[in-house]
Amino acid sequence: MRFDIRYRTRFTYDPAVAESHNELRACPVTDAHQRLVTYRVGVAPATRPLSFTDYWGTRVDTFGVRLPHRVLEVVAEATVETSPRPEVVSDAWIADLADGEFVARHHEYLEATAHTEWDPDMRARAEACAAAAGPTALDAARGIHDLVRSAVRYEKGVTDVATTAAEVLQGGAGVCQDFAHLAVAWCRAVGLPARYVSGYLFSADDATAERTDRPVVHVQTHAWIEVALPDAGWVPLDPTNGREVGELHVKVGHGRDYDDVCPFRGVHHGSAAVELEAAVEIRRGEPMLPGGPFTLLEPWSEAPGSPLRVTLGARAPVAMPALEQEQQQQ
């Protein structure tokens, strides 16, 4: 299946700020189940993005704006092709997860993080679920996937980017990010390596992921998880809606939790009230123009003299220090 994806975000500052330094993670990966055809980034005020691949394997586009500005707009456009996934086959037992070599290879996805820390009660609940689900590690992963769906309902506006898995469980509601964090926490609590995945989903509703005949959907970024099995590698699961991860999912990157694959973060000089607008538009089908149907010649900004600068995304590895989460988007 072929998708054209436009990711747009706009920060409005009052008063103006300066020395803005930013990171964007919006580029789909190329792997065994999807292929990136084209990708480009536009920024206003005009600046030249640089690209590198971070520790987790995600492409990062980084850019700075030195002069004072009241509006910062970013548009990332991609064309990507996805394919159906084969059925997962795994005979690994839960006891196999304790193999020393397997643990060593996946230790970063077994440790708790600020978003995925668990307490003794959460561990006990996860262990009981895994034991009841069946003898294999895949049974345990699917059991925890179902447990998350029974423990949390989909509801917008009740959590934010700082909400932890324990807080999600206590509140009983959240969005895809929260479902993913709770699933990751419970998987790691029983020794099952799990990682947070950020991407896009071609569906009119994240909560159901039902197929739609509409050629275009307007959504936000989506999140799911992948679990590691000794004999099957990384297996994707979508606890938000319970659907199989397949050709409607477009992966951007993965990490220990949301903080590793935050779509947009940055810092700026100046104290200002900030308004954020963000949207993802996904079109299904063959592209209308080379590189996709979108154009970067019509920026959101009404400010004159601030055209979007287009860059064709090359993977040029550069070193860059981590940026603080002063402006961050869910």
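Listing for the model above:
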quantity	calculated
Loop-located chymotrypsin sites (Phe, Trp or Tyr not before Pro) in segment 21-88, at most 16 other Cβ atoms within 10 Å (DSSP)	55, 56
Stretch gain in nm, segment residue 91-residue 269, where the contour uses 0.36 nm per residue and the Cα spacing is subtracted	58.6 nm
Descending Cα extents along the principal axes, segment 110-246, whole Å	43, 33, 22
Sequence-distant residues sharing a close amide H with residue 56 (under 5 Å, placed H)	none
Simple label model, 7 Å out from Cα along Cβ direction - residue 48 to residue 101, nm	4.7 nm
Residues 83, 150, 198 arranged by fewest to most Cβ contacts within 10 Å	150, 83, 198
Loop-located trypsin sites (Lys or Arg not before Pro) in segment 73-159, at most 15 other Cβ atoms within 10 Å (DSSP)	156
Hz values of 3J(HN,Hα) by residue in segment 174-190 - Karplus curve (6.51, -1.76, 1.60), Gly and Pro given as x	x, 10, 4, 4, 6, 4, 5, 5, 5, 4, 4, 4, 5, 4, 5, 4, 9
The chain: angle of helix 120-133 to the longest principal axis, Cα-based, in degrees nearest 10	70 degrees
Linear extension gain, residue 167 paired with residue 16, 0.36 nm per residue minus alpha-carbon span	50.8 nm
Virtual paramagnetic centre 7 Å along Cα→Cβ of residue 284, amide N under 13 Å, in segment 3-30	3-4
Value at 222 nm in deg cm²/dmol, rounded to 500, when DSSP H runs of n ≥ 4 in the chain each add -39,500 (n - 2.57)	-5000 deg cm²/dmol
In sequence order, calculated HN-Hα J values of segment 264-273 (Karplus, 6.51, -1.76, 1.60; Hz; x Gly/Pro)	8, 8, x, 9, 8, 9, x, 9, 8, 6
In sequence order, calculated HN-Hα J values of segment 155-162 (Karplus, 6.51, -1.76, 1.60; Hz; x Gly/Pro)	8, 7, x, 9, 9, 9, 5, 9
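Bear in mind these aren't lab numbers, they're just calculated from the coordinates by the rules spelled out. All values reported here derive from a predicted model rather than from experimental measurement. Note that each Cβ is placed from the backbone with ideal geometry, even for glycine, and that neighbours are counted across all protein chains shown.
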